[in-house]
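Coordinate-derived values only; no laboratory data. Everything numeric here is computed off the predicted structure, so don't read it as measured data. All Cβ positions, glycine included, derive from the backbone under ideal geometry; neighbour counts span all protein chains shown.
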């Protein structure tokens, strides 16, 4: 009788152990299936570059007096920009920087001009796709210009254009607007710039430009 009871007790324990083992196996399978099912596709890595260098070419027109026709200049600009995010988690930026522009004209004055500018722009970057590899970025702002050197060359002689009858001024303020096309860290842009109207200061500059840059 006792032996029969012992056998029955062992049988119950064995059944309970097998059932627990089966439940443990089922739990592992469900957890693995749940984890695999809920796993999200890795999001693409995206980075906004805070700094950039750029090179610009811009044909320009210089107005140097009321009775003088506008002069046509070619210009190359080397510049640096710093981008400051102004709205958290949104692609609104303030762009500040500095650039150096070398200009030359050969038809009328045979002139050479060296200019330094400090531009400040407001920019928005629009990403058409989720990958964020490509963006369109319209911008607009204002610049302070300082002419460091402006000289007319005649043969072996060189005459400053600042303080002579043309009465060129060192400082002027202008506005600019443009559009950039971003591909990852690289960008290509077009722009238009014009001095604020001030008949007492020459030269009055208008320029269209195309520029290429790289972020870092």
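List of remarks:
- Each of residue 51 and residue 104 was given a label point 7 Å from its Cα along the Cα-to-Cβ line. The distance between the two points is 3.1 nm.
- Label sites at residue 185 and residue 92, each approximated as a point 7 angstrom past Cα along Cα to Cβ, lie 2.9 nm apart.
- Additional length obtainable on full extension of the chain from residue 197 to residue 66, 0.36 nm per residue less Cα span: 45.9 nm
- Calculated log₁₀ intensity ratio I(q)/I(0) where the Debye formula runs over C-alpha points of region 51-215, q = 0.17 Å⁻¹: -0.98
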